[in-house]
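The values are calculated or read from the model by the stated rules, or taken from the named source; none is laboratory data. Worth saying up front: this structure is predicted, and the values here are computed from it rather than measured. Note that we place each Cβ from the backbone using ideal geometry, even for glycine, and neighbour counts take in every protein chain shown.
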Amino acid sequence: MIKTIATALLGSLVAIAALADDKRPLVELKTDLGTVRVELYADKAPATVENFLQYVDSGFYNGVIFHRVIPGFMAQTGGHTFDFQEKETREPVVNESDNGLQNVRGTLSMARTEEPDSATSQFFINYGDNTRLDGSADKPGYTVFGKVVSGMEVVDRIGEEPRGLYRAFPDAPNTPVRILEAKRIDDSTVASKDQE
C-alpha cells in the first residue's frame, strides 16, 4: 500500500515537473511609455528564443529605442541607441519562419535583411495581421517567436507618437521611446504585479 502511494506520488511529481518544463518563458519590457509583457514560443522557435533570451539576459536591450514605427504595420526595436548608433550583435540566428506561427496582431517576429538567416537582435511587434510576412517550407518569412500577453496598449501608444523629425530614420518617434529594461519574469511575478 505504501509502495503504491509512493509510486503514485512520484508519478505526480514527474508530471508536475514536465508541466513546469512546458511553461513558456516570459519577458518584461519596461519602456518610456509603459510595460509590455511577452511570452516566448520556445517550442516552436527554439533557436530564435534562445538567441533573444541571451540578448535579454546580457542587458543588451536596455536603452535601445523603437527606431522604426509604422502604424497599422509594426513597431521595430532591438538594435539602436537613442542617438541611432547601431549596437554590435552576435552571429545571426537560423530562420525558423516555417514553424506554423503567423504574423498577427501582438506577435513578435525577428527583423532581418533579404538574406533569410540574417536576424540578430532586432525584432518587431505586429500592429495588424501581417500574414504576408509568414514563412512556409518553400518561402522563408519572418520568424514569429512570441506574443504580447499584456501591455499591447503601450505598443499602440508607441504607434501614436509623432514621427518624421530624423531624416535618416523617418519612421522613428520624434521623442525616442526606449526599452529601459528587458528581463525575464516568472508566473509568480506576473500574478503579484497583476494584483497590485
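At-a-glance table
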item	result
Matching residues in the stretch 97-124 - criterion: being aliphatic (A, V, I, L, M) and free of Cβ contacts under 8 Å to residues at least 60 places away in the same chain	VAL104, ALA111
Some residue of the stretch 110-122 being in contact with a strand residue (DSSP E or B) (Cβ under 7 Å, 6 or more places away or on another chain), farther than 16 Å from ILE65 by Cα and at pLDDT 95 or above	yes
Residue ranges of strands (runs of 3 or more DSSP E) in the stretch 49-125 with at least 3 members of a type outside the set (Asp, Glu), farther than 18 Å from VAL148 by Cα and in contact with an Asp or Glu (Cβ under 9 Å, 6 or more places away or on another chain)	none
Looking only at the stretch 23-54, and only at residues there that are more than 17 Å from PHE124 (Cβ to Cβ) and small (Gly, Ala, Ser), the one that is surrounded by the most Cβ atoms within 10 Å (Cβ to Cβ)	ALA42
Unmet criterion (only one of (1) within 21 Å of PHE60 (Cβ to Cβ); (2) in contact (Cβ under 8 Å) with a residue 60 or more places away in the chain) for GLU161	(1)
Breaking point among (1) touching a strand residue (DSSP E or B) at 6+ places or on another chain (Cβ under 6 Å); (2) closer than 20 Å to ARG157 by Cα, for VAL56	(2)
Filter result for GLU86 (among the charged types (D, E, K, R) and out of contact with any strand residue (DSSP E or B) (no Cβ under 7 Å at 6 or more places or on another chain))	no
Considering residues of the stretch 148-196 that are basic (Lys, Arg) and either modelled with pLDDT under 95 or out of contact with any strand residue (DSSP E or B) (no Cβ under 9 Å at 6 or more places or on another chain) (or both) only, the residue farthest from LEU108 (Cα to Cα)	ARG167
Qualifying positions in the stretch 123-147 - at pLDDT below 95 and either closer than 24 Å to THR31 by Cα or surrounded by fewer than 19 Cβ atoms within 10 Å (Cβ to Cβ) (or both)	SER136, ALA137, ASP138, LYS139
